[in-house]
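First up is the structure itself, then whatever we jot down about it.
Just so you know, all these numbers are worked out from the coordinates, no wet-lab data involved. As the structure is a computational prediction, the values presented were derived from the model and not from experiment. A quick note on method: Cβ atoms are made from the backbone with ideal geometry, for glycine too, and the neighbour counts reach across all protein chains shown.
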Amino acid sequence: MVSLNFWDYLIIIVFFTITLSIGLYVSKKSGTDSNEFFLSGRTMPWWLLGVSMVATTFSTDTPNLVTDIVRTNGVSGNWVWWAFLLTGLLTVFVYAKLWRKSNVNTDIEFYEFRYGGAPARFLRKFRAIYLGVIFNVITMSAVTLAAIKIGGIMLGLEPWQTVVFGGVITVIFSAAGGFKGVVYTDFVLFFVAMGGAIGAAYYLVNLPEVGGVSALIANEAVAGKLSILPDFSDKQALITLFIIPLAVQWWSSWYPGAEPGGGGYIAQRMLAAKDENHAIGATFFFNIMHYALRPWPWILVALASLVVYPDLASIQEAFPNITDDKLGHDLAYSAMLTKLPSGLLGLVLASLVAAYMSTISTQLNWGSSYVVYDFYKQMINPKASEKKLVLVGRVSTVVLMVFSALLALVLQNALQLFEVLLVFGAGTGLIFILRWFWWRINAWSEITAMFASGIVSILLKLTPLGAFLFDAESGVFENYYEYPFVVLVTTIIWVGATFITQPESKEVLQSFYKKIQPGGPGWSKVVREAKAEGKEIVHAKEGWSVPSGIVAMLLGCVLIYSCMFATGYWIYGDYIYAGVLTGIAVVSGFLMTKMWSKIKSNIL
């Protein structure tokens, strides 16, 4: 447990005061109507939304998760989430403008815009609860679990104390300030969180027992964990940590913040942007910061922790008050932070609180928007006034916070939850990509995929079937085939259901095309039929930008991965690789900019 002095308390108090002041300052305008409360009147600039996206994913569980991954599988283990860059950039260059064109209030409202009839209405209401409440509560509980571990190690707080202290302040400004309060505070929270992470990494790597970057890299406990790419001679590591994430995971799995085709709180920010260009700029800025630069302070602290706390026994010995059900490698990050000096300690604690508040406030506002627009207004009170909708939004914000806090008290570690969420959404991602560009996707495709993925995952996780098929020692198949298996089975089921069921009506499909202008061969049948009926649903001035968007996405991937690798090699002191990768980043960035100009001008 650390000891805080006057300056530490002052930094934390000033931080809390600023955060609450922003929430209360914007509360009056945010409460005028539901559009202001959930989308800030669709007037947000790209830079503010981009910073908000980064701050939102800068949660307390993320450094814990990265630490767990690095200590268990090395730096290369991060490919399980680095692979989602492909999803992110596809959203930037293909889907961002489509979401902004839709002009819906939530991405769940999209269902009754893209599909029709009773299946679409059911899908919208069910997904509102499934994602906005159940999955949202699970995600927030993981963030709160990380806060519990940090509070327990650094401040000696009981789990319930951390939940109460952190949750009450967060829920006050979230319920009062709405989306505008969340975004404005995110701007402050980002700089506090980033400053704290960099400051902590610099100090901890230079601890006497670590000895600086050079000594850290040469340490035998760390040397085997440094590679950015997995060991290609280790078949299981190569397939699990690299091939499956890059070949299958990024497009097939629904995961909060990295949904194929955009969605969730990322979609909420795109929908709140001033226009399509601001939506695109925000998502691109987010992806650069999220993948290329931000992970390295966490990775350095994780590597340093291997020197100070080489195993779980050493963590348990240093912090005997931590119970067995909360002991895990993710605790090493919090354990390292206890070695910070006064002043910096206050800043880092404020940064961790900032990370927690930013993520939770976003999840609360986003989940509440589903409850209000896609469940309450659709199913309970269609004629509700704007004042009533705002009130329901504020009440549901509080309820979601309470549920997530209770669940957090029974969880053990962040990596455990990350893996469960990945498998539970396996096989559904392809639909979210194709539904914009293939007319044959219908509501039953999504309903079937959602239930198939969940049922198959439950069977593998909670019944003997999983052990029979994928047990590490006695299973029929190698255990790394479990995720592709869920994807394959789910995909076969939903594709079959798509062709067995009736397509959406001509009216629904033509209306969708006329507004969104998705283009491409996947809609040629709908365009031909509309033309034969004398309806003009194609805007002549718009060309099909998807091929150029995919090229820009690939160039963007080269740019960001090169920046990420170059940063790592500069830190490692491998200047030849670092220089080459920096050059590749510059060239790919130039080419990507040219391609983006081409997309904007519709010169295909």
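Scan Phe187, Phe179, Phe191 and give me the residue that is surrounded by fewer than 20 Cβ atoms within 10 Å (Cβ to Cβ), touching a residue at least 60 places away in the same chain (Cβ under 8 Å) and assigned to a helix (DSSP H, G or I).
Values: Phe179 fails: surrounded by fewer than 20 Cβ atoms within 10 Å (Cβ to Cβ); Phe191 fails: touching a residue at least 60 places away in the same chain (Cβ under 8 Å).
Selected residue: Phe187, the only one of Phe187, Phe179, Phe191 that is surrounded by fewer than 20 Cβ atoms within 10 Å (Cβ to Cβ), touching a residue at least 60 places away in the same chain (Cβ under 8 Å) and assigned to a helix (DSSP H, G or I).
Need pairs with beta-carbon distance below 7 Å; first residue among the hydroxyl-bearing types (Ser, Thr, Tyr) and within the stretch 81-100, second crowded, with 24+ Cβ neighbours inside 10 Å and in a helix (DSSP H, G or I); sequence gap 6+ or separate chains.
Cβ pairs passing all conditions: Thr91/Ile266; Thr91/Thr283.
Find all pairs meeting these conditions: Cβ atoms under 9 angstrom apart; at least six residues apart or on different chains; first residue within the stretch 102-129 and free of Cβ contacts under 8 Å to residues at least 40 places away in the same chain and aliphatic (A, V, I, L, M); second residue buried (at least 21 other Cβ atoms within 10 Å of the Cβ) and assigned to a helix (DSSP H, G or I).
Ala118/Ala443
Scan the stretch 393-412 for residues that are without any contact (Cβ under 8 Å) to a residue 60 or more places away in the chain and crowded, with 21+ Cβ neighbours inside 10 Å and jot them down.
Ser396, the sole residue that qualifies.
Conditions (1) in contact with a Leu (Cβ under 8 Å, 6 or more places away or on another chain); (2) farther than 30 Å from Thr106 by Cα; (3) surrounded by fewer than 20 Cβ atoms within 10 Å (Cβ to Cβ), marked per residue:
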| residue | (1), (2), (3) |
| --- | --- |
| Phe165 | yes, yes, yes |
| Ala201 | yes, yes, no |
| Ala215 | no, yes, yes |
| Ala218 | no, yes, yes |
| Ala221 | yes, yes, yes |
| Leu238 | no, yes, yes |
| Phe242 | yes, yes, no |
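For the structure I just gave you, tell me whether Ile599 is of a type in the set (Val, Ile, Thr), surrounded by 20 or more Cβ atoms within 10 Å (Cβ to Cβ) and either in contact (Cβ under 8 Å) with a residue 40 or more places away in the chain or within 22 Å of Arg435 (Cα to Cα) (or both). Break it down stepwise before answering.
Working: of a type in the set (Val, Ile, Thr): yes; surrounded by 20 or more Cβ atoms within 10 Å (Cβ to Cβ): yes; either in contact (Cβ under 8 Å) with a residue 40 or more places away in the chain or within 22 Å of Arg435 (Cα to Cα) (or both): yes.
The answer is yes for Ile599.
Could you grab me the full set of residues in the stretch 436-480 that are touching a Leu at 6+ places or on another chain (Cβ under 9 Å), part of a helix (DSSP H, G or I), among the aliphatic types (A, V, I, L, M) and touching a residue at least 12 places away in the same chain (Cβ under 8 Å)?
Ala443, Ile447, Ala449, Met450, Leu460, Leu469
Residues that are free of Cβ contacts under 8 Å to residues at least 60 places away in the same chain: find the helices (runs of 4 or more DSSP H) completely inside the stretch 219-321 holding 1 or more of those.
Values: elements: 220-223, 235-238, 264-271, 276-287, 295-308, 312-318.
Because the criterion is at least 1 residues that are free of Cβ contacts under 8 Å to residues at least 60 places away in the same chain, the helices (runs of 4 or more DSSP H) in the stretch 219-321 that meet it are 220-223, 235-238, 312-318.
Restricting to the stretch 474-491, give me the number of residues that are over 13 Å from Ala426 (Cβ atoms) and not hydroxyl-bearing (Ser, Thr, Tyr).
5
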